[in-house]
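Report on the following structure.
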């Protein structure tokens with residue numbers, strides 16, 4: 001139970017004289033008599049009367065704090081908006097605020113997870129980081145967004161898939177983490193992309209078949225020949241540009257990229273598990289977060305995945321979750337096994 | 001003045017520096033380079049030699065969270081060639097000065 005009953009409601013309940021509420025009224029009076037520490041978890045609370053019963057329905061509400069680095073590279077920057085504050089009028093700050101709210105709603109609705117830490121914790125973001133800073137990142141505590149250079153990127157807060165990707169890193173970290181190098185790093189990136197894509201689909205109410213499966217659509221300037229940064233549906237096809245080159249993501253283990261750059265190609269080889277997820281979601285159909293997303297979520301948060309898991313270890317873990325949750329021969333378990341085989345991770349695929 | 005190049009540090013010029021930036025949320029690989037002739041070499045040699053090349057042996061490239069940039073910096077100055085791999089969090093002070101200078105010289109001459 002994440003909701004807390006606010007004092008004014010307790011007071012009303014304590015004063016209730018209806019005989020059927022006598023016990024509740026006494027409980028409320030006792031609750032009011034106890035000095036309570038301030039409880040930081042916020043909640044949406046709906047109170048209604050159904051027949052003789054007073055019904056409380058609670059769901060957690062986000063606690064967002066947006067700061068502005070004012071083009072310097074210092075964190076957290078100046079606080080510009082808290083949860084109860086009106087819009088600032090600054091596009092990046094307000095987009096970040098809204099995106100955090102959408103991601104929070106997704107985590108709760110899809111997985112009954114209260115915020116990134118699972119305990120209703122504050123969602124913090126800093127916008128306007130650095131001068132023409134061409135990146136968005138998760139620093140272990142908060143999301144940080146640059147403004148882009150205006151030549152390649154227009155900024156990063158305009159895409160919910162980017163915001164949710166960064167929060168996805170937070171969920172991974174709070175769940176035990178995946179070491180940010182090589183295959184475990186590519187899994188960390190892939191899981192963040194899964195959160196990014198699913199949050200966007202949740203906002204839009206899209207099924208797996210309707211979704212674009214693009215990460216970062218709309219953040220390139222019109223000068224760039226490309227629709228997004230990555231495509232989970234067709235890794236390697238998101239952009240093909242004179243300056244940036246071609247999207248280097250593989251979709252199969254035979255094309256795994258060995259490199260010392262990018263922490264061992266964590267943003268490149270994530271294409272392989274990304275494609276596996278897309279295959280599972282497409283095979284199952286409907287809203288991807290309901291089954292495919294749930295299997296991935298339980299795998300990441302289950303507590304038994306090693307920080308150094310490689311693709312094959314992760315594949316085994318997802319198959320185990322699918323079989324446990326839905327049955328050994330279930331449609332879900334079959335879809336997961338088939339997907340990992342199709343991208344060459346299992347069944348004789350390269351076991352890097 | 002610096003001279004931009006997309007190639008590895010050149011063999012003709014007195015000084016050549018290449019910065020490769022990988023990673024970041026986008027995972028885009030970008031490369032900037034500069035070659036300086038003897039007339040402008042002193043400034044670049046000073047920028048290069050100000051960096052602690054022998055100390056950049058950080059074992060933990062993952063420090064600082066996810067989606068940070070990673071840098072590979074290569075330099076050739078009279079009598080020496082140098083290379084360093086840096087996490088974004090490490091690329092401060094003289095490293096940052098060198099990276100910014102290469103970026104600026106490269107951008108200024110290539111117009112990209």
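Just so you know, all these numbers are worked out from the coordinates, no wet-lab data involved. Because the structure is a prediction, the values reported are computed rather than measured. All Cβ positions, even for glycine, are placed from backbone atoms using ideal geometry, and neighbour counts span all protein chains on display.
Quick notes on this structure:
- Average beta carbon contacts from partner chains per residue of A:103-116, 10 Å cutoff: 0
- Per-residue mean of C-beta atoms belonging to partner chains within 10 Å, peptide B:14-26: 6
- Estimated from the Cβ-Cβ distance and a Förster radius of 41 angstrom, the FRET efficiency linking residue A:44 and residue B:92 is about 0.45.
- Other protein chain C-beta atoms within 10 Å of residue C-beta, averaged over A:148-157: 1.
- Here the relative contact order of the range A:221-352, from alpha carbon pairs under 8 Å that lie six or more residues apart, stands at 21 percent.
- Estimated distance in nm for a label pair at residue A:242 and residue B:53, the labels positioned 7 Å out from Cα along Cα-to-Cβ: 3.6
- C-alpha center-to-center spacing [the range A:314-342, the range A:151-185] in angstrom: 25
- Sorted by Cβ density within 10 Å, fewest first, the residues A:20, A:320, A:202: A:20, A:320, A:202
- Spacing of the two label points (7 Å from each Cα toward its C-beta) at residue A:331 and residue A:109, in nm: 2.2
- Over the range A:151-306, relative contact order from alpha-carbon pairs under 8 Å, at least 6 apart, %: 26
- Antiparallel bridge percentage (DSSP; both residues within the protein assembly as shown; nearest 5): 85
- Taken along the Cα-to-beta-carbon direction at a fixed 7 Å, the label points for residue A:20 and residue A:70 span 5.9 nm.
- Whole-number percent relative contact order across chain A, with pairs defined as alpha carbons under 8 Å at least 6 apart: 11
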